[in-house]
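Only one structure is covered here, and it is reproduced in the block below.
Just so it is clear, none of the values below were taken in a lab; they were calculated from the coordinates. Computed from a predicted structure; not experimentally measured. Positions of Cβ are generated from backbone atoms using ideal geometry, with glycine treated the same way; all protein chains shown enter the neighbour counts.
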Amino acid sequence: MKTKYYDFQEIIDEVQLDEIIKAYKDGEVIAFPTETVYGLGANIYNDQAIKKIYRAKNRPADNPLIAHIGNMEQLYKLVEEIPEKAQILIDTFWPGPLTIIFKKNKEISEVATAGLETLGVRMPDHLVIETILVKGDLILVAPSANISGSPSPTTMKHVADDLDGLVYGIIDGGNCDEGIESTIVDMTGDNPVILRPGTITREDLEEEIGKVEIDESLLGASTKIARAPGMKYKHYAPNAKVHILKNRGDLDLILKKIKSLDVDLNKCALINFDENIEHYRKLEIPNKIILGSIVDLRVGIRNLFRILRDCDILGIEHIFIEDYKEEGLGFSYMNRLKKAANHNYLKES
Ligand code: TXA
Ligand code: MG
């Protein structure tokens, strides 16, 4: 399949917009930008189109998709009820990087929800996708627009690297502002539960609706099975082996590890915070990459997946990357990093 490219970085071309809306209605799958990461969308009412997403991404069939909506009317078409606290979250955080799990209504097929009785919904905060959803009166289900298991795409090029030739179209809407996927909060039980942390933190949610739990599978060395089916899979992983370092990691330990790995220094990369450049000055690794500033973790989060993908392009085999306190945004950063590293910490042993 020859993938069509649409450049909406500067302006949204009306003719192309109509072509895209028609293609979605005809059952094609097209990748689109959002404020979090790029998504690969299909019409929620077309099972054949949704199956194309699973095939293109090589996504396990038990992993449900998130519905993307452009206005509240569309939400009413999807769900049985909107709990009071969910309404508060909607009023506060939509459009924005928050996915809310609702009880789905009967019209939503099992293909979209992978057999679950619930449906994750979010209203993205990005002009391009918002225009498509509203003008086309479309509801699109979409996972991140990457091959399953690789870091989520935060630029059009990332999507093209993974999916060129496998999907009908890719829309370029520039670089994603947030850089990691939306926070997912389950509002179907007695208490709200975070199933995936994102840039809207537990603290942000608690300020609005009081106590919010965190799914046990996300805590510590838990062996509990994740309630967001997708969270149990190996994820966000570059080709390189990732080693998590303590902030201002021990240089001798890094060198010892590199030696024991018997790997070319040119195939190692150090990813550290801006403030720690001086600390690593003596470490003779040619690939030193700055993640962002310690004081504004948003920047590091925005850069994380892009840097992991860049390391693959450079042919890096071992990545050493600094950790962060697992609080607030740091909890979300470490959630993605630990998955990318398969929980591999650099330590004395
Ligand atoms: O920011 C985002 O959420 C991006 C953009 C494209 O919107 N989408 C995204 O989709 O990250 P995906 O498919 O890569 O991740 C969706 C996650 C998976 O872990 C899935 O298991 C979980 O959401 N999920 C979806 N529906 C669910 C449901 N009904 N109950 C529990 N978890 C659900
Ligand atoms: Mg994904």
Original post:
List the GluC sites (Glu not before Pro) in the stretch 272-315 that DSSP assigns to loop (not H, G, I, E or B) and whose Cβ has at most 13 other Cβ atoms within 10 Å. Which are they?
Top reply: GLU284
Original post:
What number, in percent, do you get for the relative contact order of the chain if the mean sequence gap of Cα pairs under 8 Å and at least 6 apart is divided by its residue count?
Top reply: 19 percent
Subject >> Helix axis angle, 251-261 relative to the chain longest principal axis, alpha carbon, degrees >> reply: 80 degrees
**OP:** Specify the angular offset, from 0 to 90 degrees and rounded to the nearest 10, of the alpha carbon long axis of helix 47-57 from the longest principal axis of the alpha carbons in the chain.
**Re:** 10 degrees
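By counting other Cβ atoms within 10 Å of each Cβ, how are ILE277, ILE69 ranked from fewest to most? The partial results should precede the final answer.
Numbers: ILE277 11, ILE69 24.
Listed from fewest to most nearby Cβ atoms, that is ILE277, ILE69.
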**OP:** Find the centroid of the Cα atoms in the stretch 256-303 and in the stretch 313-349, then give the distance between the two in whole Å.
**Re:** 11 Å
**OP:** Write out the trypsin sites (Lys or Arg not before Pro) in the stretch 251-318 meeting two conditions: DSSP loop, and at most 14 other Cβ atoms within 10 Å of their Cβ.
**Re:** ARG281, LYS282
**OP:** Provide the per-residue ³J(HN,Hα) series for the stretch 3-9, in order, calculated from phi with Karplus coefficients 6.51, -1.76, 1.60 and θ = phi - 60°, each as a whole number of Hz, with x at glycine and proline positions.
**Re:** 6, 8, 10, 10, 9, 10, 5
Original post:
Based on the Kirkwood radius over alpha-carbon pairs, what value in µm²/s does the Stokes-Einstein equation return for the translational diffusion coefficient of the chain at 37 °C and 0.692 mPa s?
Top reply: 158 µm²/s
Original post:
When the Cα centres of the stretch 102-148 and the stretch 37-89 are compared, how far apart do they sit, in Å?
Top reply: 2 Å
Subject >> Whole-number D in µm²/s for the stretch 241-341 (Stokes-Einstein; Kirkwood sum over Cα pairs; 4 °C, 1.567 mPa s) >> reply: 95 µm²/s
Original post:
Over the stretch 1-152, what per residue volume does the convex hull of the Cα atoms give, in whole Å³?
Top reply: 112 Å³
Subject >> Computed [θ] at 222 nm, helices only, for the chain once each DSSP H run of length n ≥ 4 contributes -39500 (n - 2.57) >> reply: -9000 deg cm²/dmol
**OP:** May I ask for the angle, rounded to the nearest 10°, between helix 297-313 and the longest principal axis of the chain, with both axes built from Cα atoms and the value confined to 0 to 90°?
**Re:** 80 degrees
Original post:
Ordered by packing density, taken as the mean number of other Cβ atoms within 10 Å over each peptide's residues, highest first, how do 59-65, 30-36 rank?
Top reply: 30-36, 59-65
